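Participant: Below is a structure I'd like to ask you about.
Throughout, read-outs are computed from the coordinates displayed, never taken from laboratory work. The shown structure was predicted, so the numbers you read here are calculated from the model rather than taken from an experiment.
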Amino acid sequence: GVLVEACTSADKKNIAAYQSLGSLLMQKKDWEMASRVYVRILQIDPNQTAMRQYLAQCYYSLGLVDEAVDELKQVLMTEPGNQQVQRNIELLEQVRGRGKQKPTVQSPAPTGATETKPAEPAAAPVAQ
């Protein structure tokens, strides 16, 4: 919208403004636009590992598990001892192996959605 255009037409090097915009878009669950903002930040400064993690979260929320894993692996190249990122990669790889199902662990930023359980099988009718 207008806010995105104002931000992108302003100083392209103003990473702080992009970070604020990305955060706002994530709060609104506008994962597509937030991912574009984080990609832009990483074009300006590829070493923004926190922004790369937010981008991974956006990708995951969009169902782009492979892209999320790729971003987190890039974080690990910069921060090889980051156990939380390693754990997130492992969880996402499990998700990828199960066919895009959401993991059963809580994400760092609560989405407000709850996990759904499989439906109980219908009870057999009682013979009379």
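Participant: Full-extension gain between ALA17 and GLN94, please, as 0.36 nm times their residue separation minus the C-alpha to C-alpha distance.
Facilitator: 24.2 nm
Participant: Given 0.36 nm per residue, what is the gain on full extension from GLU67 to VAL39 after removing their alpha carbon distance, in nm?
Facilitator: Here the segment from GLU67 to VAL39 would lengthen by 8.9 nm.
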